[in-house]
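Novice: I'd like to ask you about the structure that follows.
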Amino acid sequence: MNREAVTTRRKASLKTPTGLGEGATKDISGALNALLADVFALYMKTKNFHWHMSGPHFRDYHLLLDEQADQIYAITDTIAERVRKLGGTTLRSIKHVSALQCIDDNDADYMTPLDMLAELREATVTATE
């Protein structure tokens, strides 16, 4: 396949029949992509705290955050597939997630377990607003 054919295929739009107009598709896809970016950010923050948990309740919190992360990750595909079903395009990279996310990353070297849980609680509220 030549370079021109590949370029043409990359520019081809997704032909998904919906009752939505182009503007509605863009608006809804944009909102869902922002939600998806926050879900990925929340997933990463949850795994970060899971990996860095310490203290007397380590095992309970470690297991709790691992289960929570699995549940968060499980909804990403549903959101992304909904965007595609509407005829939109969805996230393509970590850079794209970073550009859209509202949930702050956490790069702290150390946090107490209770501070981690409080930050996750706040992030969850942000993601659902």
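Novice: Of everything in segment 56-101 that's modelled with pLDDT of 95 or more and small (Gly, Ala, Ser), which residue is surrounded by the most Cβ atoms within 10 Å (Cβ to Cβ)?
Specialist: The qualifying residue surrounded by the most Cβ atoms within 10 Å (Cβ to Cβ) is Ala69.
Novice: Please go through segment 100-129 and pick out each residue that is outside any loop (DSSP other than H, G, I, E, B), in contact (Cβ under 8 Å) with a residue 12 or more places away in the chain and aliphatic (A, V, I, L, M).
Specialist: Across segment 100-129, the qualifying residues are Leu100, Met116, Leu117, Leu120, Ala123, Ala127.
Novice: While we're here: Pairs under 8 Å by beta carbon, first residue at positive phi in segment 60-88, partner among the β-branched types (Val, Ile, Thr), six or more apart or different chains?
Specialist: Gly87/Thr16; Gly87/Thr18; Gly87/Thr25
Novice: What are the residues in segment 55-76 that are over 20 Å from Glu122 (Cα atoms) and touching a helix residue (DSSP H, G or I) at 6+ places or on another chain (Cβ under 7 Å), if any?
Specialist: Answer for segment 55-76, where residues must be over 20 Å from Glu122 (Cα atoms) and touching a helix residue (DSSP H, G or I) at 6+ places or on another chain (Cβ under 7 Å): Gly55, His57.
The values are calculated or read from the model by the stated rules, or taken from the named source; none is laboratory data. This structure is a prediction, so every number in the text was calculated from the model and none was measured. Neighbour counts run over all protein chains shown; Cβ positions are idealised from the backbone, glycine included.
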